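Derivation of every value follows stated rules applied to the coordinates shown; laboratory data play no part. Just so you know, these numbers come straight off a predicted model, no measurement behind them. Note that each Cβ is placed from the backbone with ideal geometry, even for glycine, and that neighbours are counted across all protein chains shown.
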Amino acid sequence: MGGGVPSVAGPDEWHLRKTVVLVGMMGAGKTAVGRALAVRLGVPFLDSDSEIETAAAMSIAEIFERDGEAFFRAREAQVIERLLETQRGILSTGGGAFLSERNRETISQKGVAVWLNADLNLLWSRVKHKNTRPLLRTSNPYQTLKEIYEARVPFYQKAEIAVQSRPDYSIEAMTDQVIEALLTRPDVLEKVQ
């Protein structure tokens, strides 16, 4: 091989063997990082919440209000299973999805869970001005977020891969961190030379 121009990283350089399922709290960056990751790897971006909203022709908040959380969680499990069976790509899940043992087992069998681990202060800075989070429609949304965070972290810690999020990371920098973590798992992602 002679000199010449080095190749530019592109989708052809990656081989994704399993769907990467992003898990973590609301505000952890699952959608933003997931979209960027899908573009970088040249694979589809999937979002379980969007799929549920499309199927129901309602927002998640409306589903929670009309049908309750148990109904939503049952639909969520069905959608996650269907997406894992029919597509290979980057799947962003709702913050509560990984709490379900059924979902954790499905994800473990058919994909790989990657926890975007953002601390409470970073999460609060990202969600405090949004009214699209049905679980935070309380008289003390920070306290509610703290309680949800503390209850969910033990479940997120069961993810096969954890990537620490930092306030100074851009979406691209966080995407780099996820790719670096995935490359430690050749059964999930490999770089094609």
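Amide H to amide H, which residues 5 or more places from Ala162 or on other chains are under 5 Å from it, using H placed in the peptide plane?
Distant-sequence amide H within range of Ala162: Trp115.
Rounded to the nearest 20 debye, what is the charge dipole size of the stretch 8-163 about its Cα centre when +1 sits on each Lys and Arg Cβ and -1 on each Asp and Glu Cβ?
Numbers: 21 positive and 19 negative charges, 54 e Å.
The dipole magnitude comes to about 260 debye.
Any aspartates and glutamates with Cα under 16 Å of the Lys158 Cα? List them, leaving off those in the same chain fewer than 8 positions away.
Cross-link targets: Glu101, Glu105, Glu150.
Less than 20 Å apart at the alpha-carbon level, and either on another chain or at least 8 residues along: which lysines does that give for Lys191?
Lys18
Using amide H atoms built in the peptide plane, which far-off residues or other-chain residues are under 5 Å from Leu91 H to H?
Val20, Val21, Leu22, Leu46
Quick one: Debye curve from the C-alpha atoms of the stretch 24-183, no solvent, what's log10 I(q)/I(0) at q = 0.11, 0.18 Å⁻¹?
Each listed q maps to, in turn, -0.42, -1.22.
Taking amide H positions as placed 1.01 Å from N in the peptide plane, with prolines and chain starts having none, which residues 5 or more places from Trp14, or on another chain, fall under 5 Å of its amide H?
Here Val192 satisfy the definition.
Any idea what the alpha-carbon Rg over 2.2 N^0.38 Å comes to for the stretch 97-171? All intermediate terms of the calculation are to be shown ahead of the outcome.
Numbers: Rg = 13.7 Å, N = 75, 2.2 N^0.38 = 11.3 Å.
Its radius of gyration relative to the 2.2 N^0.38 Å reference: 1.21.
Assuming a ≥ b ≥ c are the square roots of the Cα gyration tensor eigenvalues, decide whether the stretch 47-105 counts as rounded (a/c under 1.5), prolate (otherwise, with a/b larger than b/c) or oblate. Spell out each step's value before the answer.
Details: a/c = 2.10, a/b = 1.38, b/c = 1.52.
Since a/c reaches 1.5 but b/c is at least a/b, the shape of the stretch 47-105 is classed as oblate.
As I understand it, the dipole of the stretch 24-183 uses +1 on the Cβ of Lys and Arg and -1 on the Cβ of Asp and Glu, about the Cα centre. Which of Ala181, Ile161, Thr144 lies farthest toward its positive end?
Farthest towards the positive pole: Thr144.
Please report, in debye to the nearest 20, how large the charge dipole of the stretch 68-118 is about its Cα centre when each Lys and Arg carries +1 at its beta carbon and each Asp and Glu carries -1 there. Can you show the working numbers first?
Details: 7 positive and 6 negative charges, 22 e Å.
Dipole about the Cα centre, nearest 20: 100 debye.
Restricting the count to DSSP beta bridges whose residues both fall in the chain, what percent are antiparallel, rounded to a multiple of 5?
Details: 3 of 18 bridges.
Roughly 15 percent of the beta bridges in the chain run antiparallel, per DSSP.
Ranked by Cβ crowding within 10 angstrom, fewest neighbours first, how are Val21, Val43 ordered? If you can, show how the numbers build up before the last one.
Working: Val21 31, Val43 20.
Ascending Cβ contact count within 10 Å gives the list Val43, Val21.
Distance between Cα centroids, the stretch 55-113 to the stretch 153-170: provide it in whole Å.
Measuring centre to centre over Cα atoms gives 19 Å.
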